[in-house]
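In what follows, a single structure is set out as structure tokens and then discussed.
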Amino acid sequence: MVAPPRLVLVLGDQLSPAMAALRAADPARDIVVMAEVMAEATDVPHHPQKIVLILAAMRHFAQELRAASWRVAYSTLNDPDNTHTIAGELIRRAAESGAQEVIATKPGDWRLIAALGECPLPVRLLPDDRFLCPEADFARWAEGRKTLRMEWFYRDMRRRTGLMMEGDAPAGGRWNFDAENRKSARADLWRRAPLRFAPDGVTRAVIDLVAARFAGRFGGLEGFAHPVTRADAEAAWEDFVRHRLPRFGAEQDAMLAGDPFLSHALISAPLNLGLLEPLALCRRVEAEWRAGRVPIEAAEGFIRQIIGWREFVRGIWAISGPGYLDRNALGAARPLPAVYWGGPTRMACMAAAVGQTRDLAYAHHIQRLMVTGNFALIAGIAPRAVHEWYLAVYLDAFEWVEAPNTLGMALHADGGLLASKPYAASGAYVARMSDYCAGCAYDPRAEGGRPPCPMTALYWDFILRHRARWASNPRMGQMLRVWDAMAEGRKAMLRAAAAEVLARLDAGEVV
Ligand code: FAD
Ligand code: DLZ
Ligand code: SF4
């Protein structure tokens, strides 16, 4: 008797032939199910470029699978029989084909994991082994530790992968070369902008579809030029390695109004979709350093982002469960201000970070952490609303990586699980690391002349609002002592400025 086919679910961010579900299936017997569904595009108002990226990459990957002899049941958004949920499409394809079982790789979103759990078909959920640290290993590492710190996890990952190791010791004698990194930057005509990829016919059809179905969403589609195939993602990666990696470390924390990319890689989206493979990237970077083409601080800094931060936040997401999304340790409750959706602002830093997010669906780490994230933290914006914004607006945003970065790193909403202290900063930090403040209506140091910077005023307000909480935190306690030693006149000016900014936010007025 011929065994009935099984359905092999491939989600929009599982576009690798090495996915566990594909490895567990048989092209001669099974049917791959890929589905464009409204439920995934409307859980939050995803940026139109993100929807194009995912649907175009899905359509190209379906072609790749068919070329490799897989049968693919592919539902487009315009398919009249589309049920518009992932579970609904599995049920529809099972009825069509007689399949009685689903093989899936674990999704990176608790909402979808729950939906598969409720699907009437039996679903075999396999671990997503694209990550270098299996969930169970992370859970074991975390168990019994009072605090989880990325730096210790990272050292274990260096030993586990052997990346940049000399025997048992870190290459160059140190685990971390950040003392040489994180400088400010200047405009430089020779800095090479990321490669752009002209859309082919498949991508152009998706652009038209998204323009028609998602009109009015935050973010434009003009000039969509992101890589949507494995070959283009690899070309983008090679271009980064050759032209921007050498300055990656030094320029990692810098921000320039005229340069949204600086020396960043722009590989998080293809990496998270499955078009690139994390260990291969790190091995390539190590080889570049060993060949003397990039400095050790750039190579180590890059590898730390991938096997350190990326794997660490994934582990935090996996051990915390869906309840993590509702964490709000600081009790922040303000609604998300209109500036996040492109509303007017006099703050040059917010205008730059939100403006490029609208135009490119991309902002680099320090813009996300120290501009939009910092403002949300010190203004006391409700974490859930901030999380939904980040999940919606960035090309690379999937819950497993976005939620710990937003709720843990940027907002301290997990009470310190991910980071020992909040990354709160005043306008002085932005002034040091960017050229935004020079063209701003506000004075970052709040020394008179221009009105005091909202970042600076709210920074101190934030420290004082949570004063009792910081008493036992050495770094934050130090800031309380700085405040206590400040002249009374300056304190009064900063308090008045903070009260005015918060009142304006609460009244929905421009800040
Ligand atoms: P580069 O600066 O060139 O870094 C290289 C790679 O390192 C990135 O592509 C990414 O894969 C990895 N990386 C660096 N930092 C992190 C980090 N903190 N967590 C995970 N991976 C990291 N990253 C996402 O991939 N998706 C998200 O939804 C996301 N949301 C974020 C939200 C907030 C509030 C913050 C502060 C950070 C977020 N990040 C997210 C992390 C980081 O900002 C992006 O990975 C990075 O900006 C992507 O651009 P790039 O490829 O040019 O990165
Ligand atoms: C983000 C997204 C969007 C917009 N659309 C789809 C889709 O139509 N079909 C699909 O399979 N996946 C989509 N995705 C990605 C999923 O939301 C993602 O797989 C989960 O959030 C898990 O990370
Ligand atoms: Fe931002 Fe303040 Fe600098 Fe203006 S002065 S750009 S508000 S940090």
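Coordinate-derived values only; no laboratory data. Worth saying up front: this structure is predicted, and the values here are computed from it rather than measured. We place every Cβ from the backbone using ideal geometry, glycine too, and count neighbours over all the protein chains shown.
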Kindly check whether there is at least one residue in region 364-379 that is at positive phi and buried (at least 23 other Cβ atoms within 10 Å of the Cβ). no
Only one of PHE224, PHE240 that is of a type in the set (Phe, Trp, Tyr) and in a loop (DSSP other than H, G, I, E, B): PHE224
Restrict the check to region 366-382 and report whether at least one residue is among the aromatic types (Phe, Trp, Tyr), under 15 Å from ASP259 (Cα atoms), out of contact with any Leu (no Cβ under 6 Å at 6 or more places or on another chain) and within 13 Å of ligand 3 (Cβ to nearest atom). no
Please give the number of the condition ALA333 fails out of (1) aliphatic (A, V, I, L, M); (2) surrounded by 16 or more Cβ atoms within 10 Å (Cβ to Cβ); (3) away from ligand 1 (no atom under 16 Å from the Cβ). (2)
Taking region 276-290 on its own, how many of its residues are touching a Phe, Trp or Tyr at 6+ places or on another chain (Cβ under 7 Å) and assigned to a loop (DSSP other than H, G, I, E, B)? 1
If you go through region 411-418 one residue at a time, do you hit one that is of a type in the set (A, V, I, L, M), at negative phi, buried (at least 18 other Cβ atoms within 10 Å of the Cβ) and in a helix (DSSP H, G or I)? no
Residue selected from region 434-447 under the condition part of a loop (DSSP other than H, G, I, E, B) and of a type outside the set (A, V, I, L, M), by the criterion farthest from ALA379 (Cα to Cα): ASP435
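Which residue out of PRO127, PRO120 is over 25 Å from VAL401 (Cα atoms), surrounded by fewer than 18 Cβ atoms within 10 Å (Cβ to Cβ) and in contact with a helix residue (DSSP H, G or I) (Cβ under 9 Å, 6 or more places away or on another chain)?
None of the others qualify; the one that does is PRO120.
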Please find, among ALA62, ALA56, the residue that is farther than 21 Å from PRO120 by Cβ, in contact with a Phe, Trp or Tyr (Cβ under 7 Å, 6 or more places away or on another chain) and assigned to a helix (DSSP H, G or I). ALA62
Could you list, in sequence order, the residues of region 143-171 that are surrounded by 16 or more Cβ atoms within 10 Å (Cβ to Cβ) and either assigned to a loop (DSSP other than H, G, I, E, B) or small (Gly, Ala, Ser) (or both)? LEU148, LEU163, MET164, ALA171
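Yes/no matrix, rows are residues, columns are (1) within 16 Å of ligand 1 (Cβ to nearest atom); (2) among the polar types (S, T, N, Q); (3) not in a loop (DSSP other than H, G, I, E, B):
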{"position": "GLY373", "(1), (2), (3)": "yes, no, yes"}
{"position": "TRP389", "(1), (2), (3)": "yes, no, yes"}
{"position": "TYR423", "(1), (2), (3)": "yes, no, no"}
{"position": "ALA428", "(1), (2), (3)": "no, no, yes"}
{"position": "ARG432", "(1), (2), (3)": "no, no, yes"}
{"position": "GLY449", "(1), (2), (3)": "no, no, no"}
{"position": "PHE462", "(1), (2), (3)": "no, no, yes"}
{"position": "GLY477", "(1), (2), (3)": "no, no, yes"}
{"position": "TRP483", "(1), (2), (3)": "no, no, yes"}
